[in-house]
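Notes to accompany the following structure.
The values are calculated or read from the model by the stated rules, or taken from the named source; none is laboratory data. For clarity, every value in this text was computed on a predicted model and none was experimentally measured. Here the Cβ positions follow ideal geometry from the backbone for every residue, glycine too, while neighbour counts run over all protein chains shown.
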Amino acid sequence: MTLVPRASREAFQHEMIGLLPRLRRFAHGLARNSELGDDLVQSAVLRAIDRAGQFDSGTRMDRLLFRIIHTLWLDEMRKRVVRTNHLRLASTEHDQRPGEFPSVESEAEAGEILDALDELPMENRSALLLVAIEGYTYAEAAQILEISAGTVASRIARAREQLHTILNEGRRPRKRGESLREGTP
């Protein structure tokens with residue numbers, strides 16, 4: 001690791017600490033699990049600290065850390081696909097979803113929304129979380145996700161349409177390329 005002047009290191013650490021709530025919210029939204037979300041944040045922060053000497057003074061720490069979390073999540077999803085395919089070959093048992101939300105009325109609506117978000121394809125969910133929850137512009141989200149702003153806009157439009165379908169009509173959303181006939185219950 002390259003040595004960083006003490007004042008710069010302290011500013012770097014202070015900025016990173018200030019971003020932790022937003023990073024956790026984003027990671028929890030991607031992972032749909034607080035423990036895995038916290039692991040993603042920890043890994044991203046450790047990577048950033050390891051490479052602190054490589055950052056330019058104008059580097060946007062928030063964009064960088066969101067990109068690291070997103071990349072780590074994609075890596076985790078790829079690993080899961082490999083593990084899941086391996087387990088399916090070895091066994092016919094299927095994993096069940098993690099625990100449900102408590103049945104408290106104030107949390108029921110939030111639980112419905114989170115469940116609906118869980119049903120969205122990961123690429124649509126990522127774009128929606130960055131823009132609607134984290135407050136990034138379409139252009140900023142596009143840079144974080146390494147896609148065009150037009151793609152971000154279309155993913156968010158699809159995510160909103162799918163959420164409307166799930167929450168108001170109680171149906172699962174159609175997947176890309178699926179016909180209307182296949183998508184209806």
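Restricting the search to the range 132-155, which residues are at pLDDT 90 or above and hydrophobic (A, V, I, L, M, F, W, C)?
A139, A141, A142, I144, L145, I147, A149, V152, A153
Starting from the range 1-16, keep only residues that are in the same structural domain as A48 (by TED's automatic domain parsing), then list their pairs with residues that are acidic (D, E) and at pLDDT 80 or above whose Cβ atoms are within a distance under 8 Å, requiring at least 6 positions of separation or different chains.
Short answer, once both residue conditions are applied: M1/D50.
Restricting attention to the range 50-82, which residues are closer than 16 Å to G18 by Cα, in a helix (DSSP H, G or I) and free of Cβ contacts under 8 Å to residues at least 24 places away in the same chain?
L64
For residues that are of a type in the set (S, T, Y) and either under 16 Å from D75 (Cα atoms) or buried (at least 19 other Cβ atoms within 10 Å of the Cβ) (or both), tally how many sit in the range 6-51.
Quick first cut of the range 6-51, residues of a type in the set (S, T, Y) only: 8, 34, 43.
Okay, now just the ones that are also either under 16 Å from D75 (Cα atoms) or buried (at least 19 other Cβ atoms within 10 Å of the Cβ) (or both), so 43.
The qualifying residues number 1.
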